[in-house]
Structures are given as structure tokens and as C-alpha cells.
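Report on one structure; see the data block that follows.
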Amino acid sequence: MSENPNNWPLWEIFIQSKRGLDHKHVGSLHAADADMAIENARDVYTRRNEGNSIWVVKSEHIHASRPEDAESFYDPADDKVYRHPTFYTMPEGAKYI
Amino acid sequence: MTDVKNLEELFQAKIDAELKIEPKDWMPDAYRKNLIRQISQHAHSEVVGMLPEGNWITRAPSLKRKAILLAKVQDEGGHGLYLYSAVETMGVSREQTIDDLLSGKAKYSSIFNYPTLTWADIGAIGWLVDGAAIMNQVMLCRTSYGPYARAMVRICKEESFHQRQGYEIMAVLAKGTPEQKEMAQDALNRWWWPSLMMFGPTDANSPHSAQSMKWKIKRQSNDELRQTFIDRTVQQAEVIGLTIPDPELKWNEATQHYDWGAIDWTEFNNVVAGNGPCNKERLAARNKAHSEGAWVREAAVAYAAKKAKKKAA
Ligand SMILES: [Fe+2]
Ligand SMILES: [Fe+2]
């Protein structure tokens, strides 16, 4: 980040396109504070009614998993097929299950 | 530690498998540099591109045209922002990227160094300049760097009205008085060749193209895109009764494409080198806007600090 104190911090923008759906990451922008980030997000990311709710998070508060660890990190999920409903055999004739 | 050669092979394998590269992934230095240059140039083009059109906002011939032009120019500002954000994911600060534009170190598309002399130029820009940009941007929706591809998808959704409003302006003028038709033709005459130059040097003279194709930053060559643009646009000109200013333009049955004349690359190089009709004016306008906006940026920071203090108290 730059040293200039007049530079606005970076914010990550999440938009919910419709009631009931998840907020989805759409991009980032600079703003002096959260209120301004929300207003700017409206102008930058919802010019065509793309959303009805906006979340903003300072980019420095986002923590991410490390891509180089991806394989081992997600390993535990690989051998647990029993977490999926299709793993189970249902008795013939049972309904609504 | 995996050695660099190994990392490069893994990287290329990902690209070959059509997997997107994301900001935190390892990438070759040259890939990163290439993209920083390309995406920032693209961002600057969106921003500087607002200037020639902004020139006609107050003089649009009707309220409807004025509202449309305002919306289009606002979109272009948004496009600049999406792309500046994509550059930032590569670890370059926004301030640095903007400074490179303001100092003249960074380039932007040369097309924006031509003046908008009449209202018909607004039509020609939407039809031809946005039209040419769309060809390139549709291809870039499939570019290998994730944040760039996502910005492009967003941009492409917004672009099609830009081209259509421009073509409509030309169509209306071409159907108007003889003077209006003449004005449309004159705009087409002036914008045709610079629009073809937007696709960049011929494949034979484009030394970085092969590497960009291998990394799937680009997916089609300059000449391919240019030819498709010509084939489509000639037909559109015919429909509205305007003439493409190229005496050598001719349909080729064998290739199923138009043959066309030669681009004046001396003019292209001259404009790239900074000697186009409006290079100085454009850069001066950006610098003026940036320095005159300094107090706004400072005031917003001061106001945010004051609000935060009040909240804490
Ligand atoms: Fe654009
Ligand atoms: Fe556009």
C-alpha cells in the first residue's frame, strides 16, 4: 500500500442480486470510509439493478487460504463420500426420501 | 522448494487445462509484467476515452441523446475502475498506476487522440470505436487471468448498448438532410482507419503476440479480429447507405472475407509516439482533473476521520 495518508483504502464489494440469494463478491474499489464505499459500490456495480443489498469489507480484513496448500488443505473431504446423499442405498419402494 | 522451471511447467499446465490464474497463484514474472502493462493500458483507455465524448455532452442535439451519452460516459468510467481493480490484484498500488498515466509513462489507446469535430463523431465512436473494442473484449472474457476475465464479462454486458446507440445516431443522420448525411459520411471517413488501427500491428509485426497466445492472455490474433470487424462493419455501412473510405475494399468469394487496402502505419506510430492531434490535450485534461480533485480526496479522508472519532466518543 502507498504511504500517502490521503489515499483512500481498498474495499471488497459483495452484492446480493436478489432477496434470498448469497452475497457474491463482485470486485473492489477505493473509498474513505464504509458509507462512501457503499455509495461508490452502488454507482460502480449496480448501474443496471444488479443488486438490492451491498456488503463492503476493508480488503485488509480478508484472510485467504493459500493456493499452494490447496491439495492437502482440502484432502480431508476426498475420502468422505458418506457426506453425500447418493452414498446411501434406499430400500425399494420408500418414498419422499 | 520447487524450482522455477518446475513452477513454470505447472503454471503452463494450468493454462493449457483452461484453469484461470488467480492473484495468489505463482506466475512467471514476465506474465505478471505483461498483464500489468496490458490491463493498466486498457484501464487508461476507458478513462481517457471519456474525454472525446464528454466534449459533446453539453451540445447533444436532444435531451434523449444527452441522457444516453451521459450514461455511456459513466459506463466508461466504471470500466476504468473495474480494470484498475484488476491491476491492483497484481500488487501494484492504484496511485502508482494513475501516476504512470499522468506522467505520460503509460500508454492508452491511440484512438482517443483524435478530435470529435461534429455530433456525427459521437455516432462514429459508438459504432466503430466501441465496436472494435467489443471484438477485443469479447475475446478477453476468456483470458487466463481470473480478475481480468471477470472484469471483461462485466464490461461486455454493458458495451452492447454503446455500439448500438452510436450506430443509431449514424443511421438517423444518414436518413436526414443531405448535410446530415454528409456529416455522417465525413465522420466515417475520419474514424474508419484509426478504428482498424485499434487492433494493433499486423501479426507479422507483433513480437509479443505469440507469447500472449501461449499464455492465453490473448486468444485471437490482431489480424483475425480486424478481419472479423471489417466483414461485419461493411455490411452495417451498406444498410445505412454510407461508404467505407477504402477504394480497395472488395468481397472475396474464395476467402469469404473482404479484401481491403493498406493501413498507414506511419500515422499509427506517429500517434503512439505522442504526436497525434490531441495527445497533449488529453494528458493535460487528465492532469487538471486529478490536481483539481485533490481537495475532494483530502476532504473525504478528513470527514471519515471526524465521523469515526464521533462514533468512538
Ligand atoms: Fe468501455
Ligand atoms: Fe464503451
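Please compute the contact order of chain B in relative form: average sequence separation of alpha-carbon pairs under 8 Å and at least six residues apart, divided by the residue count, as a percent.
Values: 330 pairs, mean separation 56.9, N = 313.
For chain B, the relative contact order is 18 percent.
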**Asked** Rounded to two decimals, what ratio of Rg to Rh does chain B give with C-alpha atoms and a Kirkwood Rh?
**Response** 1.01
**Request:** Give me the lysines in straight-line cross-link reach of B:Lys307: C-alpha distance below 21 Å, same-chain residues under 8 apart excluded.
**Result:** A:Lys58
**Fill in**
For B:Lys20, counting only lysines whose alpha-carbon sits under 16 Å away and dropping same-chain residues fewer than eight positions off, the answer is B:Lys214, B:Lys216, B:Lys218
**Prompt:** By a straight-distance test (C-alpha under 20 Å), which aspartates and glutamates pair with B:Lys181 as possible cross-link partners, with residues fewer than eight away in the same chain excluded?
**Reply:** B:Asp121, B:Glu168, B:Glu238, B:Asp246
**Net length gained if the chain between B:Lys306 and B:Glu22 were fully extended (0.36 nm per residue, minus Cα distance)** = 98.5 nm
**Request:** Determine ³J(HN,Hα), in whole Hz, for all residues of the range B:51-61 in sequence, where each value follows from phi through the Karplus function 6.51 cos²θ - 1.76 cosθ + 1.60 and θ = phi - 60°; x replaces Gly and Pro.
**Result:** 5, x, 7, x, 3, 10, 4, 6, 10, 4, x
**Asked** When the label point is put 7 Å from the Cα of B:Asn252 along its Cα-to-beta-carbon vector, which residues of the range B:167-207 have a backbone N closer than 17 Å?
**Response** B:202-205
**Asked** Is there a simple number for the mean count of other chain Cβ atoms within 10 Å of the Cβ of residues in A:20-33, and what is it?
**Response** 4
**Request:** Round to the nearest 10 and report in Å² the accessible area of A:His25, as given by a 1.4 Å probe over the protein chains' heavy atoms.
**Result:** 90
**Request:** Taking H placed 1.01 Å from N in the peptide plane, check which residues at least 5 places from A:Gly27 or on another chain put their amide H under 5 Å from its amide H.
**Result:** A:Ile13
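What value, in deg cm²/dmol to 500, does the helix sum -39500 (n - 2.57) over DSSP H runs of n ≥ 4 give at 222 nm once divided by the residues of the protein assembly as shown? List each step's numbers first, then the result.
Values: 16 runs with 222 residues, N = 410.
Rounded to the nearest 500, it is -17500 deg cm²/dmol.
Give me the accessible area per residue for the range B:1-76, probe 1.4 Å, as a whole number in Å².
Values: 4050 Å² over 76 residues.
Value returned for the range B:1-76: 53 Å² of accessible area per residue.
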**Fill in**
Percent relative contact order for chain A, counting Cα pairs under 8 Å at least six residues apart, stands at 26
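With an 8 Å cut-off on Cα pairs and a minimum separation of 6 or more residues, tell me the relative contact order of the range B:142-230 in percent.
Numbers: 41 pairs, mean separation 26.8, N = 89.
So the answer I get is 30 percent.
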**Request:** Give the angle, between 0 and 90 degrees and rounded to the nearest 10, that separates the Cα long axis of helix A:34-45 from the longest principal axis of the Cα atoms of chain A.
**Result:** 70
**Fill in**
A correct Karplus calculation of ³J(HN,Hα) over the range B:142-158, with 6.51 cos²θ - 1.76 cosθ + 1.60, θ = phi - 60°, whole Hz and x for Gly and Pro, returns 10, 5, 6, 8, x, x, 5, 4, 5, 4, 5, 4, 4, 5, 4, 4, 8
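What FRET efficiency comes out for the pair B:Glu8/B:Ser206, r = Cβ-Cβ distance, R0 = 25 Å, nearest 0.05? Show your work: numbers first, answer last.
Numbers: r = 23 Å, r/R0 = 0.92.
It comes to 0.60.
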**Fill in**
Expected field for B:Leu7, accessible surface area in Å² at 1.4 Å probe radius, rounded to 10, holds 40
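The values are calculated or read from the model by the stated rules, or taken from the named source; none is laboratory data. These numbers were taken from a predicted model, which means no experiment stands behind them. Because the Cβ atoms are built from the backbone with ideal geometry, glycine has one as well, and the counts that use them run over all protein chains shown. Quick note on the areas: whole protein, heavy atoms, side chains included, nothing else; ligands and nucleic acids left out. Shrake-Rupley method; radii C 1.70, N 1.55, O 1.52, S 1.80 Å.
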